[in-house]
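The block underneath contains the structure these notes are about, expressed in structure tokens.
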Amino acid sequence: MGYYVKRDKAMARIFISYATPDRVFALQLATSIKKLGYAVWVDVAEIGVGDSLVTGINAGLSQAEYLIAVLSPHAVQSAWVNHEWEVKSTEEILRRRTMVLPVIIADCPIPVSLRHKRFVDFREGYDVGFAQLAITLYQGNQ
């Protein structure tokens, strides 16, 4: 399956927010998004051993046009992950544009702050979910 990506504009920077037990999915997603030409921030690639987590994550959040919120039972129980979502949700309200893109990978309660949003559903399969996400990213980068 291929995706057409218009490359004459600067591509958006994307922050992937996930819980550690969901790292394999997050890294697969990061690789797929990079193939579309986007800059992707994921903690294991951007924060070195000994670096400050707080400083690194804050820098990643402030530079990202989008945050992909990976929803899973682990993520919705993580205070750290929820903080990342809240930071970008606040910015989304202030800028009056969509910035938080929820993707669900396993059945879990949807956080109140994300319930009003349409989400990408990866529970039916990676390819279908990624196609939905790619379309959203492409349309947002017009």
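The table below gives the values:
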quantity: Filter result for the condition that a residue is open to solvent by 20 Å² or more (accessible area, probe 1.4 Å) and within 13 Å of the chain's Cα centre (by Cα), over GLU65, GLU91, GLU84; calculated: GLU65
quantity: So ALA59, is it of a type in the set (A, V, I, L, M, F, W, C) and in contact with a strand residue (DSSP E or B) (Cβ under 7 Å, 6 or more places away or on another chain); calculated: no
quantity: Within the range 1-37, tally of residues that are modelled with pLDDT of 80 or more and out of contact with any Lys or Arg (no Cβ under 7 Å at 6 or more places or on another chain); calculated: 25
quantity: Members of the range 112-140 that are open to solvent by less than 50 Å² (accessible area, probe 1.4 Å) and outside any helix (DSSP H, G or I); calculated: LYS117, VAL120, ASP121, PHE122, GLY125
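The values are calculated or read from the model by the stated rules, or taken from the named source; none is laboratory data. Because the structure is a prediction, the values reported are computed rather than measured. Positions of Cβ are generated from backbone atoms using ideal geometry, with glycine treated the same way; all protein chains shown enter the neighbour counts. We work out accessible area using only protein heavy atoms, side chains counted, and drop any ligands, DNA or RNA first. Shrake-Rupley method; radii C 1.70, N 1.55, O 1.52, S 1.80 Å.
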